[in-house]
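Working notes for the structure below.
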Amino acid sequence: MTAKPILWIVIPCYNEQEVLPITAPLFLQKVRDLAAAGLVSEKSRVCFVNDGSRDDTWRLICEFAKADEHFIGISQSRNRGHQAAVLAGLMEARENGVDVTISIDCDGQDDINAMDEMVRKYLAGAEVVYGVRSRRDTDTFFKRFTAEGFYHLMNLLGADIVFNHADYRLISSRVLDSFADYREVNIFLRGMVPLVGYPSDTVAYERHERLAGESHYPLSKMLALAFDGITSLSNKPIRLITGMGMLFSALSFIGVVWAFIGAMLGSTVAGWASTVCIVCLMGGIQLVCLGVIGEYIGKIYMETKARPRYIISERTWAPYERKYHG
Ligand code: UDP
Ligand code: MG
């Protein structure tokens with residue numbers, strides 16, 4: 001029999017001092033249970049990624065690491081956002097030769113009991129296992145409506161993402177190795193992981209309410225994420241603009257012909273209202289188009305800089321040692 005896989009549960013944490021003391025023991029119990037059930041190695045770990053929290057989160061993580069060897073943690077030099085934090089954790093796991101990772105939020109919303117099935121599906125051959133929400137009963141109508149609209153819009157605009165899957169997923173080391181070659185700085189993990197390919201599977205789970213603390217994803221951040229996702233993954237908006245431009249060109253050509261015939265027949269009235277309308281309309285459309293094009297240019301700008309996507313400033317095992325000997 002081959003050795004049992006080493007699992008790291010990667011957990012991004014940003015200002016989570018209220019919820020961590022509640023959920024950390026649950027994660028610990030889960031790793032222990034998985035190891036006891038013989039699904040993963042005893043060397044499996046719970047890896048917290050502190051995303052530049054301003055509260056006591058990092059101190060808590062360090063305390064956990066001292067209290068139990070199953071807990072480890074890394075800290076980003078400042079807040080870089082959820083996606084970068086998850087990426088930092090995944091890449092840290094990869095550099096330490098971990099066989100399989102599961103990323104999950106730290107607030108207890110995602111059902112940790114789905115991990116057993118994820119690992120089983122991994123052992124059965126899946127390289128990526130997506131956690132997919134079965135119901136959204138615990139969400140407010142507004143959150144559900146906007147979140148589901150988000151998935152539909154994303155797919156419509158060419159960003160192929162798994163429906164109702166957030167960032168709760170299992171990824172094998174093989175996929176992480178390939179994923180490390182995706183060098184883009186605009187990271188949208190949900191859209192990027194499917195691009196890597198490999199056999200994948202899904203596990204349905206129910207999402208609960210946050211156990212404590214508050215959400216860091218208000219509507220504005222959700223919209224920003226959607227916009228980032230679409231423009232990072234697809235060129236469809238640019239095509240749509242081109243199509244729209246052609247349509248309007250055709251329409252204005254008809255308008256010109258119509259005006260010309262009208263003038264020839266001598267039935268034109270000096271109507272400045274219609275002129276103003278057209279000017280405004282065209283001005284508006286052009287601004288929208290310029291905005292979207294600018295968005296892509298901004299992306300190119302950021303990509304050409306190739307700045308680091310995350311910076312790890314501290315580690316619970318040794319601040320300046322990358323390698324974890326556990
Ligand atoms: N998070 C993070 N950096 C941020 C914002 C959030 O690491 O800048 C983490 C947060 O600690 C949590 C996860 O990302 O573990 C999801 O955030 P949250 O629960 O606030 O979002 P929601 O579940 O409401 O969409
Ligand atoms: Mg949450």
For the structure I just gave you, tell me whether Phe253 is among the aromatic types (Phe, Trp, Tyr), more than 16 Å from ligand 2 (Cβ to nearest atom) and under 25 Å from Thr146 (Cβ atoms).
no
Would you say Ser200 is closer than 25 Å to Thr23 by Cβ and either within 15 Å of ligand 2 (Cβ to nearest atom) or in contact (Cβ under 8 Å) with a residue 60 or more places away in the chain (or both)?
no
Counted residues, region 84-103 - those being assigned to a helix (DSSP H, G or I), of a type in the set (A, V, I, L, M, F, W, C) and either crowded, with 21+ Cβ neighbours inside 10 Å or within 10 Å of ligand 1 (Cβ to nearest atom) (or both)
7
Looking at region 21-28, can you tell me whether even one residue there is closer than 16 Å to Arg94 by Cα and either within 16 Å of ligand 1 (Cβ to nearest atom) or at pLDDT 95 or above (or both)?
no
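Table: residues versus (1) more than 21 Å from Val19 (Cβ to Cβ); (2) aromatic (Phe, Trp, Tyr); (3) surrounded by 24 or more Cβ atoms within 10 Å (Cβ to Cβ).
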{"residue": "Asp56", "(1), (2), (3)": "no, no, no"}
{"residue": "Phe64", "(1), (2), (3)": "no, yes, no"}
{"residue": "Gln76", "(1), (2), (3)": "no, no, yes"}
{"residue": "His82", "(1), (2), (3)": "no, no, no"}
{"residue": "Asp105", "(1), (2), (3)": "no, no, no"}
{"residue": "Gly108", "(1), (2), (3)": "no, no, no"}
{"residue": "Met115", "(1), (2), (3)": "no, no, yes"}
Those residues of region 1-39 which are in a loop (DSSP other than H, G, I, E, B) and surrounded by 24 or more Cβ atoms within 10 Å (Cβ to Cβ) amount to Glu16
Out of (1) surrounded by fewer than 15 Cβ atoms within 10 Å (Cβ to Cβ); (2) of a type in the set (A, V, I, L, M, F, W, C); (3) not in a helix (DSSP H, G or I), the odd one out for Val203 is which?
(1)
Sort through Arg169, Arg190 and tell me the only one that's within 16 Å of ligand 2 (Cβ to nearest atom), surrounded by 15 or more Cβ atoms within 10 Å (Cβ to Cβ) and assigned to a helix (DSSP H, G or I).
Arg190
In region 163-183, what residues are β-branched (Val, Ile, Thr) and within 16 Å of ligand 1 (Cβ to nearest atom)?
none
All-but-one check, Ala126 against (1) more than 13 Å from the chain's Cα centre (by Cα); (2) away from ligand 2 (no atom under 15 Å from the Cβ); (3) under 28 Å from Glu303 (Cβ atoms); (4) in a loop (DSSP other than H, G, I, E, B), failing number (3)
Are any of the residues in region 228-244 within 16 Å of ligand 2 (Cβ to nearest atom), surrounded by 13 or more Cβ atoms within 10 Å (Cβ to Cβ) and without any contact (Cβ under 8 Å) to a residue 60 or more places away in the chain?
no
Unmet criterion (only one of (1) farther than 30 Å from Phe248 by Cα; (2) modelled with pLDDT of 80 or more) for Glu321:
(2)
Of the residues that make up region 232-250, is at least one modelled with pLDDT under 80, in a helix (DSSP H, G or I), out of contact with any His (no Cβ under 9 Å at 6 or more places or on another chain) and within 30 Å of Ile102 (Cα to Cα)?
yes
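The values are calculated or read from the model by the stated rules, or taken from the named source; none is laboratory data. Keep in mind that this is a model prediction, so the values were computed, not measured. We place every Cβ from the backbone using ideal geometry, glycine too, and count neighbours over all the protein chains shown.
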